[in-house]
Amino acid sequence: SKQWYQRRVRDTIDDTDVISGFEIVGHIAHLNLKEFHEPYKALIGQVILDKNPSLKTVVNKLSTIHSKYRFFDMEVLAGEENFETTAIEHKLRFSMDFSKVYWNSKLGTEHRRVVDCIPTGSIVLDMFCGIGPFALPLAKKGCRVHANDLNPESYKWLLKNVSLNRIPSQHITCYNCDGREFVRNFAGPIDHVIMNLPASATHFLDVFRGLYSGSDVGKEHRTIRVFCYHFAPTEAPESSTLAAVREVLGCEPENASVHLVRKTAPKTWMTCAQFTVPIEVLRDESVSKKTKVDS
């Protein structure tokens, strides 16, 4: 009978990590279903709604990612087709359209770790800030944050979240442009740069070469500490992450370490390379101001 079939499927679901392993973002449950779940996906969605009264929407992430703006295509398995929601992380509220921006609740511990690493009063550039999981808590603790994202939707929700959390305007400025352009055109001193784009962040490290060429002496003597995210193979994640950094910087990064953030796939680690950009790289006079701005 239909009831027997549904019970059987529900028992099967309960025996897997589907029910316990999904991500919750406000009223949305976010799943990454495997191919063998395909015939049961609608029922899986309904079971999750039945077991979690506070949830209104169940979505499944499809395999494709929007390469330019960093959000995943998704399908609604059960409930309302309503993607506007609010997540709470470290006492801050993050409103978003979950279907148009990048958000991962599993990175909350990493966001806090980096925020705790950066001293109050620091000048921070967040190159790929999304809707503000690093930028907002840093601004809240008294850093001077310049937060940038290329995705117009991320920028829109970032502005809303600054207002929602009553972040003082003197602590944060928001931008909507290309990451390289953002850093190269930034005129003031910089203490820290966060590069949270693990699929390609290391490719942007060339932005530091010659960043201080032709600038005032005071700025030339200021070092920059970088948090650069990367996807690395499980065999040797630390060494492969540093190799990727070294390849683009063209030299050995100073005071370097690698933090293992989380496994994102059986053979992939998300890592964070933390290092100081050598002053020689920042002063590289072979890179003219015109070349940097026009490239």
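The values are calculated or read from the model by the stated rules, or taken from the named source; none is laboratory data. As the structure is a prediction and not an experimental result, all values here were calculated from the model. Cβ: placed from backbone, ideal geometry, glycine included. Neighbour counts: every protein chain shown. Heavy atoms of the whole protein, side chains included, go into the accessibility calculation; ligands, DNA and RNA do not. Shrake-Rupley method; radii C 1.70, N 1.55, O 1.52, S 1.80 Å.
Summary table
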quantity: Options Phe186, Phe182, Phe128; residue that is touching a strand residue (DSSP E or B) at 6+ places or on another chain (Cβ under 6 Å), within 23 Å of Thr276 (Cβ to Cβ), of a type in the set (Phe, Trp, Tyr) and open to solvent by less than 40 Å² (accessible area, probe 1.4 Å); calculated: Phe182
quantity: Residue check, Ser122 small (Gly, Ala, Ser), more than 30 Å from Glu84 (Cβ to Cβ) and modelled with pLDDT under 95; calculated: no
quantity: Count - residues of segment 36-59 that are open to solvent by 10 Å² or more (accessible area, probe 1.4 Å) and either over 11 Å from Glu80 (Cα atoms) or in a helix (DSSP H, G or I) (or both); calculated: 15
quantity: Filter result for Asn165 (touching a residue at least 40 places away in the same chain (Cβ under 8 Å), in contact with a Cys (Cβ under 8 Å, 6 or more places away or on another chain) and open to solvent by 10 Å² or more (accessible area, probe 1.4 Å)); calculated: no
quantity: Of residues in segment 235-261 being assigned to a helix (DSSP H, G or I) and open to solvent by 60 Å² or more (accessible area, probe 1.4 Å), the one nearest to His192 (Cα to Cα); calculated: Arg246
quantity: Failed item in (1) open to solvent by less than 30 Å² (accessible area, probe 1.4 Å); (2) farther than 22 Å from Leu211 by Cα; (3) among the polar types (S, T, N, Q); (4) assigned to a strand (DSSP E or B), with Thr264 passing the rest; calculated: (1)
